[in-house]
Amino acid sequence: MSLLAGHRLDGTSLNATSRRDWLRAVCAAAAGSSISQLHAAEPATGPDAQRAFGYLEAICKLGPRISGTEPMALQQQLVGKHFTALGARVSLQEFDTPHPVHGTPVRIRNMIVEWHPETTTRVLLSCHYDTRPRPDEELLPSQRNGVFIGANDGGSGVATLMEIGHAIPTLPMSVGVDFIFFDAEELIYQKPGKFFIGSEYFARQYRDQPPAYRYQAGVLLDMVADLRPQFYFEGNSLRLAPDVTRSVWAAAKAEGVKEFFPKVKHTVIDDHLALNQVARIPTCDVIDFDYPHWHKRNDLPAACSGETMAKVARVMLRWLRNL
């Protein structure tokens, strides 16, 4: 709270420039230290729940990662360094969008992490890595302008892909893999608003300026760290990408992850729609929409589970091996 209010922890004031520099130093030191320690502790085999949770905590220490803000820029540095250290090629897909309140340009940056970039047949794993500006699903209107950290909704997909990244360099595969981090999934200050800005831009670019490679399938990870996870078929995924959807749940069954249920419970609008309908990449959404803290102040690391993220990572790695 002190960071956002523009004061030091001792209560003294900071001017705008000092506040920005201090925020950068504090967040980078906290997150960088955590990531370095986690990289040093390689598990013997398979995804590691403790390390995945450590990534989530490091991300959340940055504060709200709203598109175009300093904490978002720090997250981009953190995530980019992580994957570069693991041997991936990292790039940014950048463009501007008008701020939904005052109309000034907001720089949007989709992050693309490429493994085996020379391979022309590829699959993608994706998530959004921005956070909603406000906890606007709080029951009390007075609480809807509070701080939204977005541990599960925004952080968990990032942390899970960071954990999966450790296994990709040695994974036996015949296709290339890209991790796509979509910006501005929910740059929403008031309803109704424009969702999915980053994924729609990515999909249009893929359609209108076709690259030399093609994606044969994709998976979107959204809210994958609930303490009591229940992953059901998502309705639009089953309708638009039935083979991909069923193959992911088959991988969960083969992996012995019992929290994946092969029946529809929710139908949601999410980043996967642009991938399916605009880019024509068959993509399914792995999402636990029964999360009780969705768009609320208590979407914090304490409400999340490293074990859940590790299970999702196991499913994704099994799915990739099956390809």
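How many angstrom lie between the C-alpha centres of segment 216-239 and segment 57-98?
The two parts, judged by their Cα centres, are 23 Å apart.
Tell me whether segment 47-322 comes out rounded, prolate or oblate; compute the Cα gyration tensor, take square roots of the eigenvalues as a ≥ b ≥ c, and use a/c under 1.5 as the rounded threshold.
It is rounded, given that a/c, with a ≥ b ≥ c, falls under 1.5.
In whole Å, how far is the Cα centre of segment 264-323 from that of segment 140-202?
10 Å
Before rounding to the nearest 500, sum -39500 (n - 2.57) across all DSSP H runs of length at least 4 in the chain and divide by the residue total; then give [θ] at 222 nm in deg cm²/dmol. Before the final figure, lay out the partial values.
Numbers: 10 runs with 122 residues, N = 323.
So the helix-based figure for the chain works out to -12000 deg cm²/dmol.
Under 8 Å for C-alpha pairs, at least 6 residues apart: give me the relative contact order for segment 165-323, rounded to a whole percent.
Relative contact order for segment 165-323 comes out at 32 percent.
Sort the following peptides by mean Cβ neighbour count (other Cβ atoms within 10 Å, averaged over residues), highest first: 65-77, 134-146.
Those peptides, ordered most packed to least, come out 65-77, 134-146.
Counting only residues 5 or more places away or on other chains, whose amide H sits under 5 Å from the amide H of Val177 once H atoms are built in the peptide plane?
Distant-sequence amide H within range of Val177: Trp115, Val123.
What is the angle, in °, between the Cα long axis of helix 197-208 and the longest principal axis of the Cα atoms in the chain? Nearest 10 is fine, range 0 to 90.
Helix 197-208 and the main axis of the chain meet at about 40 degrees.
What shape does segment 258-323 take by its C-alpha gyration tensor, where a ≥ b ≥ c are the square roots of the eigenvalues and a/c under 1.5 counts as rounded, a/b above b/c as prolate, and the rest as oblate?
oblate
Beyond a 27 Å Cα-Cα separation, which of these cross-linked pairs lie in this structure: Lys191/Lys296; Lys263/Lys311; Lys194/Lys311? Walk me through the numbers before you get to the answer.
Numbers: Lys191/Lys296 16 Å; Lys263/Lys311 19 Å; Lys194/Lys311 32 Å.
In this structure, Lys194/Lys311 exceed 27 Å between Cα atoms.
Taking 8 Å as the Cα distance limit and 6 or more residues as the minimum spacing, I'd like the relative contact order of the chain as a percentage.
Relative contact order of the chain: 21 percent.
Using DSSP, restrict attention to beta bridges with both residues in the chain and report what percent are antiparallel, rounded to the nearest 5.
45 percent
Which shape class, rounded, prolate or oblate, goes with segment 121-217 when its Cα gyration tensor gives a ≥ b ≥ c as root eigenvalues, a/c under 1.5 marks rounded, and past that a/b bigger than b/c marks prolate?
oblate
If I fit a long axis through the Cα atoms of helix 306-322 and take the longest principal axis of the Cα atoms of the chain, what angle between them do I get, 0 to 90°, rounded to 10?
It works out to around 40 degrees.
Spelling out what I want: for every residue of segment 163-176, take phi, set θ = phi - 60°, compute 6.51 cos²θ - 1.76 cosθ + 1.60 (Karplus), and round to whole Hz; glycine and proline get x.
Each residue of segment 163-176 in turn: 5, 4, x, 5, 8, 5, x, 10, 6, x, 9, 10, 10, x Hz.
Here, each number is a calculation from the coordinates, and none is a lab measurement. Here the structure is a predicted model, which means the values were calculated and not measured. For neighbour counting, all protein chains shown are included, and Cβ atoms are generated from backbone atoms with ideal geometry for every residue, glycine included.
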